[in-house]
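The values are calculated or read from the model by the stated rules, or taken from the named source; none is laboratory data. Please read all numbers here as calculations on a predicted model, not as lab measurements. Neighbour counts are summed over all protein chains in view; Cβ atoms, including those assigned to glycine, are modelled from backbone coordinates with ideal geometry. Heavy atoms of the whole protein, side chains included, go into the accessibility calculation; ligands, DNA and RNA do not. Shrake-Rupley method; radii C 1.70, N 1.55, O 1.52, S 1.80 Å.
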Amino acid sequence: MSLHITPPQVECKTPLVAIIGSGNVGSALAQRVAEKNLADVVLLDIAAGRPQGIALDLMEARGVERHDRKITGSMDYADIAGADAVVITAGRPRTPGMSRDDLLRVNAEIVSGAARQVIAHAPDAVLIVVTNPLDVMTHLAWKASGLPAQRVIGMAGILDSARFQTFIAMELGVSSVDVSAIVLGGHGDLMVPLPRYSTVNGIPITDLMDAATIERLVERTRNGGAEIVELLQTGGAFYAPASSTYVMLESILLNRSRIVPAAAYLAGQYGLHDLFIGVPVRLSCRGVESILELVLTDQERLALQQSAQSIQKSLSQLAALTS
Ligand code: A3D
């Protein structure tokens with residue numbers, strides 16, 4: 001032996017993302033975070049062997065994918081210590097015919113339990129919630145964790161907007177890259193796609209398509225999750241949800257200040273109080289740096305209020321179920 005490479009004497013701190021739930025969304029997200037070299041990843045699950053197996057599989061791809069991120073799998077929350085961001089994907093996905101609200105009770109317990117563990121082991125992390133029903137689960141995670149509202153955010157708006165963006169691009173036969181779309185409101189049937197604020201390279205889609213075509217794309221967007229559930233039959237979407245969550249993580253960990261729609265806590269903005277709902281936010285290392293209040297028409301404002309009422313109803317239902 002003529003050459004000797006000395007192992008590093010001091011471990012440097014690399015950003016760490018903990019993902020609670022190593023199912024379809026969690027494992028796709030872990031792959032994206034690691035392969036884009038954003039952060040090391042801890043995958044946590046209650047299913048014995050699954051987080052460890054996914055982590056080892058992803059580790060074995062490192063040489064091929066040419067990155068140095070460490071991916072570990074665990075069933076022990078102690079291993080998320082030091083996480084800069086934690087993503088909760090733990091829960092049950094929808095099955096055909098099941099509404100997001102059917103998931104309410106079963107996922108409420110899972111998410112609240114996870115949020116309590118997060119605060120115990122990674123108290124400085126920004127918390128992103130993905131589990132459905134999204135807006136209600138984000139509210140529960142905030143309550144259970146006791147974190148400032150700024151540091152708890154729900155992922156849905158980027159995904160819903162990405163679906164709208166895709167359908168607009170497909171309809172017009174243009175590149176998705178040139179389409180910018182925005183969807184506000186809760187992640188449910190009453191979500192609020194905003195055609196007036198959706199553009200193709202700056203041109204509002206209201207100048208490019210007639211009202212009936214836009215309404216058809218809006219409906220397909222509202223039904224975007226269910227369309228994939230019907231096709232897959234054994235679970236929900238996970239690639240686009242993982243990509244969307246990645247955008248949030250990147251803006252937080254790299255302090256990029258991206259303006260994205262996400263479920264944030266409202267205290268009077270848009271005339272709404274004490275609930276999490278999808279609005280445009282500026283995401284920085286501190287979480288939600290600020291909330292942007294778009295100028296809405298009466299119709300758009302009403303649609304947002306109806307979406308908010310449906311979230312409030314689920315919150316009250318849940319309170320009644322658990323009292
Ligand atoms: P799935 O592949 O079933 O993964 C869920 C994982 O959570 C499984 O591996 C379970 O073992 C694990 N799990 C269950 N309970 C616990 C617990 N107490 N602690 C830790 N892990 C646990 O589902 P999925 O990855 O397809 O979806 C996960 C969640 O995200 C579901 O609630 C979906 O409805 C939701 N989801 C939301 C969006 C949004 O846009 C908001 C998109 C896609 C999925």
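For this structure, a couple of remarks:
- Mean Cα-pair separation over length for the chain, i.e. relative contact order, pairs under 8 Å, 6 or more apart, %: 16 percent
- Carbon plus sulfur fraction of accessible area for region 16-154, probe 1.4 Å, in percent: 48 percent
- Placing unit charges on the Cβ atoms of the charged side chains and taking the dipole of the chain about its Cα centre, the candidate lying farthest along the positive direction among 56, 144, 287 is 144.
- Within the chain, helix-based [θ] at 222 nm, where runs of 4 or more DSSP H residues each add -39,500 (n - 2.57), nearest 500: -13000 deg cm²/dmol
- For region 157-322, the fraction of C-alpha pairs more than 27 angstrom apart is 26%.
- As a fraction of the 1.4 Å probe accessible area of region 157-322, surface on carbon and sulfur atoms comes out at 53 percent.
- Relative to the dominant Cα principal axis of the chain, helix 104-121 is inclined by about 40°.
- In degrees, nearest ten, helix 134-145 long axis to first principal axis of the chain (Cα): 50 degrees
- Taking every DSSP beta bridge that has both ends in the chain, the antiparallel portion is near 50%.
- 0 to 90° range, to nearest 10: angle between helix 239-253 axis and the chain longest Cα axis: 70 degrees
- Stokes-Einstein translational diffusion, the chain - Kirkwood Rh over all Cα pairs, 1.567 mPa s, 4 °C, in µm²/s: 64 µm²/s
- Pairs of Lys in the chain closer than 26 Å at Cα, counting only those 8 or more apart or on different chains: 4
- Probe 1.4 Å, protein heavy atoms only - accessible area per residue of the chain in square angstrom: 47 Å²
- With all protein chains in place and ligands, DNA and RNA left out, the 1.4 Å accessible area ranks 70, 313 as 313, 70, largest first.
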